[in-house]
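Trainee: The structure's right below; bear with me while I get my questions together.
Values quoted throughout were computed directly from the atomic coordinates according to the rules given, and no laboratory measurement underlies them. The structure presented is a predicted model; accordingly, all values stated were derived computationally and were not measured. As a convention, Cβ positions derive from the backbone with ideal geometry for all residues, glycine included, and neighbour counts pool all protein chains shown.
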Amino acid sequence: MASHKLCMIPGPIEFHEDVLQAMATPATSHVAPNFIPALGESIELLRQILFTSGQPFIIAGSGTLGWDMTASNLIEAGEDVLVCNSGYFGDRFGECLETYGAKVTHLRVPIGESPKLDDVAAALKTKKFKAITITHVDTSTGVLADIKGIADVVRRESPETLVVVDGVCSVGSEEIRMDAWGIDVVVTASQKALGAPPGLCVMGVSERAIGVFKNRNTPVPNYYANWNRWLPIMNAYEARKPSYFATPAVQNVFALNVSLKQIVAQGIEKRFAVHKEASAKAKKFIHDLGLKLVPTSLEHAANGMSAVYYPEGVAATDLLPKLAAHGIVAAGGLHVEIAPKYFRIGHMGISVTEPERGHLDATLNALKASLAECGYKGAL
């Protein structure tokens, strides 16, 4: 670990040594007496973290599997879905929905902007949408969407429409209250602000959405993602009973369980607050260096990451290797239209909830030093 560079990208993130230790367990059966309660308890902890009485799912796979589960279980071929599109991941969620026969309408916003409530309301008046999807934090732009405000608009304009949140880059760092805000689905993954290694798709699904699923008119056009197969598994493990459909990622679940317990022990409200504080610190530092964020306003800039334009004369091939030489791994741009023009850093999980580790300070200081090495005068 002495040569380990800090992984300060917007996921996977650094994870706690106790989480790492949980991965280092011997071969363990998925129906072992010590695994069953780990998965069952994790399901219960997710309800607390998502503020929901609905049904959590923890399935081996990436966050992308959550798109497939949403599209295949809740949307039937020919149904309309409105995609609030603030970047790369709105495009990809739309592609997934179309794969299952959905008729997708994209509500696109300019790069760096967040969906406007009036535009959402106007779009909802054009046709009957089975669902609306919102990328809470688009990892490609660092834009934060107002999911509470959008959900309020949906309840007013089209109350039957399901509200689906892509929370892959937000759960654990941004405020989400599923039941109180009327959100039907939250899709996320283990490797971002939930603070565990990659490998698990994590979802929260409202009772209303489960009802829609159970009353669908056509068979679910998917085998692995079919909730008819996974609901009994989740219910059994929560009841502390073994069950089997497909082998769970045992060690990943052990790790997630440790991380979820840490999150709940810290306090969800406190976790929201410390991510806001760390984000404000990072963005002020970035501003003081004379750099510009991709989000056009701090009002809709994510708290768990920052997307930053390179200053004139500095390119990815200059800056990112220099950051790595300082022991910091940052990410290049992802949005296809501006990818060479910006970089991204993550500031979520233990890197901000345990400031004594010095991760954020090390990252910001390395950024300043690396920019100076690139010849950027604003870093002096």
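Trainee: Could you work out the helix-only [θ] at 222 nm for the chain, with each DSSP H run of four or more residues adding -39,500 (n - 2.57) and the total divided by the number of residues, to the nearest 500 deg cm²/dmol?
Mentor: Helices in the chain give a 222 nm mean residue ellipticity of -12500 deg cm²/dmol.
Trainee: Could you list Val294, Val137 in order of exposure, starting from the residue whose Cβ has the fewest other Cβ atoms within 10 Å?
Mentor: The order, fewest Cβ neighbours first, is Val294, Val137.
Trainee: Report, ordered by chain and residue number, the lysines lying within cross-link reach of Lys281, taken as a straight Cα distance under 17 Å and ignoring same-chain residues fewer than 8 apart.
Mentor: Partners within reach: Lys270, Lys292, Lys368.
Trainee: If you don't mind, there's one more thing I want to ask. Counting Lys and Arg as +1 and Asp and Glu as -1, each charge on the Cβ, what is the dipole of segment 1-101 about the Cα centre in debye, to the nearest 20?
Mentor: Details: 3 positive and 12 negative charges, 67 e Å.
So the magnitude is around 320 debye.
Trainee: Among Ser3, Leu364, Tyr376, which residue has its Cα positioned farthest towards the positive end of the charge dipole of the chain, with +1 placed on the Cβ of Lys and Arg, -1 on the Cβ of Asp and Glu, and the dipole taken about the Cα centre?
Mentor: The residue sitting farthest along the positive end of the dipole is Ser3.
Trainee: Highest mean first, how do 7-16, 241-250 rank when packing is the count of other Cβ atoms within 10 Å averaged over residues?
Mentor: 7-16, 241-250
Trainee: Please report the antiparallel percentage of DSSP beta bridges with both residues in segment 90-240, rounded to the nearest 5.
Mentor: 45
Trainee: Here's a follow-up. When Lys377, Lys261 are ordered from fewest to most other Cβ atoms inside 10 Å of their Cβ, what list results?
Mentor: Ordered from fewest to most neighbouring Cβ atoms within 10 Å, Lys377, Lys261 come out as Lys377, Lys261.
Trainee: Residue-wise, which Karplus ³J(HN,Hα) couplings in Hz belong to segment 128-137, taking 6.51 cos²θ - 1.76 cosθ + 1.60, θ = phi - 60°, and x for glycine or proline?
Mentor: Result, ordered by residue: 8, 9, 5, 8, 10, 10, 9, 7, 4, 10 Hz.
Trainee: Follow-up question, since we're still on this one. Rank-order 342-348, 207-213 by packing density, defined as the average count of other C-beta atoms within 10 Å over each peptide's residues, highest first.
Mentor: Values: 342-348: 26.6, 207-213: 16.3.
By packing density, highest mean first, the sequence is 342-348, 207-213.
Trainee: Moving on to the next point. Suppose we keep just the DSSP beta bridges with both residues in the chain; what percent of those would be antiparallel, to 5? Write out the running numbers ahead of the final one.
Mentor: On the way: 23 of 44 bridges.
The antiparallel fraction comes to roughly 50 percent.
Trainee: Something else: Just how large is the dipole of segment 197-308 about the Cα centre, in debye to the nearest 20, putting +1 at every Lys and Arg Cβ and -1 at every Asp and Glu Cβ?
Mentor: 120
Trainee: What's the ranking of 67-77, 108-118 by average number of surrounding C-beta atoms within 10 Å, highest first?
Mentor: Final packing ranking: 67-77, 108-118.
Trainee: What percent of all Cα-Cα pairs in segment 181-221 falls into each 10 Å bin, going from 0 up to the bin containing the maximum distance?
Mentor: Final binned percentages: 25, 36, 30, 8.
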